[in-house]
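The values are calculated or read from the model by the stated rules, or taken from the named source; none is laboratory data. Since this is a predicted model, take the numbers as computed values, not measurements. Here Cβ is always computed from backbone atoms with ideal geometry, including for glycine, and neighbour counts include all displayed protein chains. These accessible areas exclude ligands, DNA and RNA; they are computed on the full protein's heavy atoms, side chains included. Shrake-Rupley method; radii C 1.70, N 1.55, O 1.52, S 1.80 Å.
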Amino acid sequence: MPNQIFTAGLHNMADQVYFFKSFFRNIFKKGFEWEELFRQTYLIGYKSTGIITLTGFILGIVLTLQSQPTMKEFGAESYIPRMVSVSVIREIGPVIIALICAGKVASGIGAELSSMNVTEQIEAMEVSGANPVQFLVVTRILACIVMIPLLTIFADAMALVGGFTATILSGDITAKLYFTNALTILDYSDLLPALFKTILFGFAIGFVGCFKGFTSNNGTASVGLAANSAVVTASVWIIIIDAIVVQVTNSILYS
């Protein structure tokens with residue numbers, strides 16, 4: 001039994017490596033599907049702004065309200081905007097937004113491609129001479145790579161707005177003073193690692209969703225399985241990538 005599990009894991013890893021090679025190879029092939037790429041950026045980006053706005057705004061409110069009692073004890077209420085901006089932009093924002101997108105985007109991609117696979121639409125594309133990897137996989141992964149960082153930046157901005165909203169409800173501070181304190185503390189060492197993480201998160205979300213949907217082969221039941229597996233796997237990869245990037249950036253920037 002352990003040997004079977006180990007063998008299945010190796011086969012799955014080999015399939016993912018082959019799938020990645022196929023994705024990378026098809027990026028540079030002629031006839032790139034720009035129209036489908038723009039459509040996917042709209043679906044992944046614009047269609048996710050509602051939940052991203054709400055998540056970012058509430059994140060800023062909650063983080064501010066939770067930190068206020070402790071900061072008051074030390075007479076450091078003026079540092080709340082700086083604390084919110086650094087913690088949200090450096091770590092909390094990218095991870096939370098990536099997990100939200102894993103639940104929404106990765107599951108949607110996995111279910112969509114799995115249903116196409118079950119109904120043999122992908123095979124029909126191959127028979128008709130189309131390139132299903134370039135049309136279905138490359139466009140979705142690249143759209144995730146582009147849109148997840150943009151959604152994270154937007155959510156970070158909404159978190160600062162939420163933090164300001166929570167602050168003015170319990171204190172007297174102007175918008176200029178709040179955002180000046182929140183933004184002046186930031187440095188490139190805060191922004192660049194966070195941006196790099198979101199790019200990797202976007203790739204993981206798109207790749208896992210496409211892989212789970214494109215390789216499903218268990219009939220109609222595989223649609224739900226692909227969607228569920230895509231969410232779980234993408235979430236695990238997000239946590240792993242975050243841990244690795246934090247360790248690497250800390251050793252480089254803060255050593």
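Being hydrophobic (A, V, I, L, M, F, W, C) and more than 22 Å from LEU150 (Cα to Cα) is a property that LEU177 has. When VAL236 is tested against (1) under 28 Å from SER87 (Cα atoms); (2) open to solvent by 80 Å² or more (accessible area, probe 1.4 Å), only condition (2) is not met. Scanning the range 158-191 for residues that are touching a Gly at 6+ places or on another chain (Cβ under 9 Å) and among the small types (Gly, Ala, Ser) gives ALA159, GLY162, GLY163, ALA166, ALA182.
Which count do you get for residues in the range 64-92 that are closer than 14 Å to ILE168 by Cα and either crowded, with 19+ Cβ neighbours inside 10 Å or of a type outside the set (A, V, I, L, M, F, W, C) (or both)? Counting residues in the range 64-92 that are closer than 14 Å to ILE168 by Cα and either crowded, with 19+ Cβ neighbours inside 10 Å or of a type outside the set (A, V, I, L, M, F, W, C) (or both) gives 6. Note on the range 149-172: residues that are among the hydrophobic types (A, V, I, L, M, F, W, C) and without any contact (Cβ under 8 Å) to a residue 60 or more places away in the chain amount to 3. Residues in the range 11-63 that are charged (D, E, K, R), in a helix (DSSP H, G or I) and open to solvent by 90 Å² or more (accessible area, probe 1.4 Å): LYS21, ARG25, GLU35, ARG39, LYS47. Taking each residue of the range 55-81 that is farther than 19 Å from VAL161 by Cβ and looking for partners that are among the aliphatic types (A, V, I, L, M) and assigned to a helix (DSSP H, G or I) with beta-carbon atoms closer than 7 Å, six or more apart or interchain, yields MET71/ILE80. The number of residues in the range 93-110 being open to solvent by 10 Å² or more (accessible area, probe 1.4 Å), under 10 Å from the mean Cα position of the chain (by Cα) and small (Gly, Ala, Ser) comes to 1. Within the range 239-255, the set of residues being assigned to a helix (DSSP H, G or I) and open to solvent by 40 Å² or more (accessible area, probe 1.4 Å) comprises ILE239, ILE240, ALA243, ILE244, VAL246, GLN247, VAL248, ASN250, SER251, ILE252, LEU253.
Hey, which of the helices (runs of 4 or more DSSP H) in the range 111-224, taking only ones fully inside, have at least 2 residues that are closer than 30 Å to VAL248 by Cβ and either open to solvent by less than 40 Å² (accessible area, probe 1.4 Å) or touching a Ser or Thr at 6+ places or on another chain (Cβ under 6 Å) (or both)?
139-170, 175-184, 188-214
Scoring ALA226 on the criteria (1) farther than 24 Å from VAL105 by Cβ; (2) touching a Gly at 6+ places or on another chain (Cβ under 8 Å) leaves a single failure, condition (1).
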